[in-house]
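Asks: First the structure, which I've put down as structure tokens, then a few questions once you've had a look.
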Amino acid sequence: MPVSLDHIDCWIFDLDNTLYSPSAKLFDLIDERMGAFIMRLLDCDAVEARRVQKLYFHDHGTTMAGLMRHHGVDPEDFLVDVHDIALDRIAPDDRLRAGLARLPGRKLVFTNADADYAARVLEARGVADLFGGICDIRATAYTPKPDPAAYAAMITHLGIDPARSLFVEDMARNLTPAKALGMTTVWLDNGSESGHRDHLPDQVDFHVSDLADWLDSLPAPWGIS
């Protein structure tokens, strides 16, 4: 049976590779800065830095979480450094904007990045005015998705009812804690790095490949069909 959306009053979106396509390769720029940060921190070469970066990403949810745990890195130093990138690889998307604007209720962002960077991305995509709140890594006390504690902090920070909320993510593993809380889940399976990792089909209500296409395909009043 199709999943009903009649009860949804909060539409929550991941940021990177969700509100823009991974084909923009914006995260490649962040990846480069992470690698350079680790090379300076550990006095290692690029190959070792890449190994450490991806190991921590897979084991701890974010590279930053691993660096904090194993090397005592100041998260603010890391966040400011790695998100200091140009955003000219992404641009406003009129169809995405129209699809988001049709959604009744609040539109919110839940990201492992910081709010300053998230706000810049929303502006670059031309949708900043549509979003009423951001839960970033600071609001979760630097605890990243998919740690359940991050979701508990998000619920408090954004003031949502999980049972009336829908969550869109490009990382399948980040949907499992949301589903456990009663949220409606959308996996944006769009080719993100490790997007398939720990994919549990029974934790996904909607499995889609393009966000704007999915928004357009929804029945009225959410879509244009």
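Asks: With all protein chains present, how much of the accessible area of region 26-83 (probe radius 1.4 Å) comes from carbon and sulfur, to the nearest whole percent? Each step should come with its number before you reach the end.
Replies: Details: 1540 of 2880 Å².
Here carbon and sulfur together make up 53 percent of the probe-accessible area.
Asks: Among the lysines, select those whose C-alpha is under 23 Å from the C-alpha of Lys179, and discard any that sit fewer than 8 residues away in the same chain.
Replies: Lys107, Lys145
Asks: At each listed q (0.11, 0.18 Å⁻¹), what is the log10 of I(q)/I(0) that the Debye formula gives for the chain modelled as equal alpha-carbon point scatterers?
Replies: -0.52, -1.43
Asks: Assign one of three labels to region 1-100, namely rounded, prolate or oblate, based on the Cα gyration tensor with a ≥ b ≥ c the square roots of its eigenvalues; rounded applies when a/c is under 1.5, prolate when it is not and a/b is larger than b/c, and oblate otherwise. Can you show the working numbers first?
Replies: Numbers: a/c = 2.72, a/b = 1.85, b/c = 1.47.
Judged from the Cα gyration tensor, region 1-100 comes out prolate (a/c at least 1.5, a/b above b/c).
Asks: Another question, if that's okay. Have a look at region 105-160 and give its Rg and Dmax from the Cα atoms, expressed in angstrom.
Replies: Calculated on Cα positions, Rg and Dmax stand at 11.0, 31 Å.
Asks: Measuring with a 1.4 Å probe in the full set of protein chains, what accessible area per residue, in whole Å², belongs to the chain? Present the calculation step by step, with values, prior to reporting the outcome.
Replies: Working: 9860 Å² over 225 residues.
With all protein chains present, the chain gives 44 Å² per residue.
Asks: Shape call for region 26-83 from the C-alpha gyration tensor, a ≥ b ≥ c root eigenvalues: rounded (a/c under 1.5), prolate (a/b greater than b/c) or oblate?
Replies: In terms of gyration-tensor shape, rounded.
The values are calculated or read from the model by the stated rules, or taken from the named source; none is laboratory data. Just so we're clear, the structure is a prediction, and the values are computed from it rather than from any experiment. SASA here: full protein model, heavy atoms, side chains in, ligands and nucleic acids out. Shrake-Rupley method; radii C 1.70, N 1.55, O 1.52, S 1.80 Å.
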